[in-house]
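These notes are about the structure you will find just below.
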Amino acid sequence: MPAPLAAFRGVYQAYPRGFWVLWVGTLINRLGEFVVPLLGFYLAAERGLGVAQVSVVLSVLGVGRFVAEAFGGRLSDRLGSNSVMVLALGGGAATLVALAFASSFGAVMLGVLAFSLLTGMYKPAASSAVAALTTGAQRTRAYNLLYWAINVGVSVAPALGGWLSGISFRLLFFLDAATMAAYAALLAVLGARVGGSRKGTDAPRTAWLPRDRLLWSFCLASLLFALTYQSYKLLALVFAEQGFTAAQYGQALSVNGLLVVGLGLPLGHAISKGNHPRWQAVGAALLGLGFLGHAFAHTFAAHVLAVAVWTLGEIVSYSIGKSIVAELGRPEVRGTYIGMVGSMSGLGALLAPLLGGFLLVRFGNAALWSVVAGLAFLAALLYLRLEGAVVTRRTLHGAQPAD
């Protein structure tokens, strides 16, 4: 057998078939994720909405995720991850079709809110499914394989969507909906391999908000991290203020996608060998260092270097973060824990542009990135402080058999 084929077969056999159902479905879905990256342009250019209206609609994406991730995680504990994913993907596909025909501002707002709520439910259910199918270092590597598939889509879909929009913007909604529906159908047919469904009557009844100090501390650290990461959206304003072109802004951000696709798997594999939570703190520190670089960047090359540094922080943190969260709680409440931590990313997506915009207007570029970097450094310190408790908790829960 040729060496490349043998290597591919080895990777395939290292994970259960249910995981590959998730991986293939994720890749299909993300390659067709056209609407969200181009939503702002569509609303302004095609629907004629003003800047304020577009900003409000885009902020709804963060609101939906903040609310839905916690709910979706809880629901996956009650009904089973596969059932929640099918519901979220199928409902999301139907919502995209309806959005293609939405003409009024109110209809667009409701459609985007419904879509963000449904897709937010999917995320913790998918993470719970991966955790149920894998253990230990294998789990960490599995999350990294999914992360890689997601970023392949992030690298391809916006460019492909931009080209297709020249044919018809409405076509983007239909194709995006089709990939979501295809993934839902794949899960409906092969759901038993992913993990099937859990009957609500058999699921343990636990509090909606667990009384777990470690979980809440981890949520705080995750919020600080998210506030830093989501501030990248303000780079467009800084680039424009410093006289750079839109093309240069796009080129700078493309460095993020290229590095994640090129380095995500090897870095993730290296980190999974030790599988130590300290990498979470290292990732947060690198994130802060990268964003701090923007405070002193006045050339295109300097901004690109800053993007490269915070992208490394993103890769390192993501390589271990999902695995840690999946092992903080017992298997029967895993979805609830994943959803609560995930909702912090939604809250960060909502608050970061507001906080960053205020700092940029009131105090300027250097102050903005200094404060943003400080939040990441605080997250790193908190991750370090929680390290011992996280190691103990993962030892208790991480080695349990898949449920």
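The values are calculated or read from the model by the stated rules, or taken from the named source; none is laboratory data. Just so you know, these numbers come straight off a predicted model, no measurement behind them. Heads up, the Cβs are rebuilt from the backbone with ideal geometry, glycines too, and the neighbour counts pull from every protein chain shown. Note: areas computed on protein heavy atoms with side chains; ligands, DNA, RNA excluded. Shrake-Rupley method; radii C 1.70, N 1.55, O 1.52, S 1.80 Å.
Remarks
- Residue match in region 133-154 (condition: part of a loop (DSSP other than H, G, I, E, B), farther than 26 Å from Pro266 by Cβ and over 17 Å from the mean Cα position of the chain (by Cα)): no
- Subset tally (residues that are open to solvent by 50 Å² or more (accessible area, probe 1.4 Å) and aromatic (Phe, Trp, Tyr)) for region 230-248: 1
- Checked against (1) of a type in the set (Gly, Ala, Ser); (2) over 27 Å from Leu160 (Cβ atoms); (3) more than 19 Å from the chain's Cα centre (by Cα), Ala100 passes all but condition (2).
- A search for C-beta distances below 8 Å between a residue of region 77-95 that is modelled with pLDDT under 90 and any residue that is open to solvent by 30 Å² or more (accessible area, probe 1.4 Å) and in a helix (DSSP H, G or I), counting only pairs 6+ apart in sequence or on different chains, returns Asp77/Glu332.
- Pairs linking a residue in region 256-269 that is without any contact (Cβ under 8 Å) to a residue 40 or more places away in the chain and at positive phi to a residue that is in a helix (DSSP H, G or I) and open to solvent by 60 Å² or more (accessible area, probe 1.4 Å), with Cβ atoms under 9 Å and 6 or more positions apart or on different chains, do not occur.
- The condition of being farther than 30 Å from Val391 by Cα and modelled with pLDDT under 90 holds for Gly257.
- Close contacts from region 162-187, counting a first residue that is free of Cβ contacts under 8 Å to residues at least 40 places away in the same chain and part of a helix (DSSP H, G or I) and a second that is open to solvent by less than 30 Å² (accessible area, probe 1.4 Å) and hydrophobic (A, V, I, L, M, F, W, C), with Cβ to Cβ under 7 Å and a gap of 6+ residues or different chains, come to Leu171/Leu164.
- Some residue of region 15-22 being modelled with pLDDT under 80, under 22 Å from the mean Cα position of the chain (by Cα) and either surrounded by fewer than 21 Cβ atoms within 10 Å (Cβ to Cβ) or among the polar types (S, T, N, Q) (or both): no
- Only one entry in Gly243, Gly274 is without any contact (Cβ under 8 Å) to a residue 24 or more places away in the chain and within 30 Å of Gly136 (Cβ to Cβ), namely Gly274.
- Counting only residues that are in contact with a Lys or Arg (Cβ under 9 Å, 6 or more places away or on another chain) and either open to solvent by 10 Å² or more (accessible area, probe 1.4 Å) or assigned to a helix (DSSP H, G or I) (or both), region 59-81 holds 10 of them.
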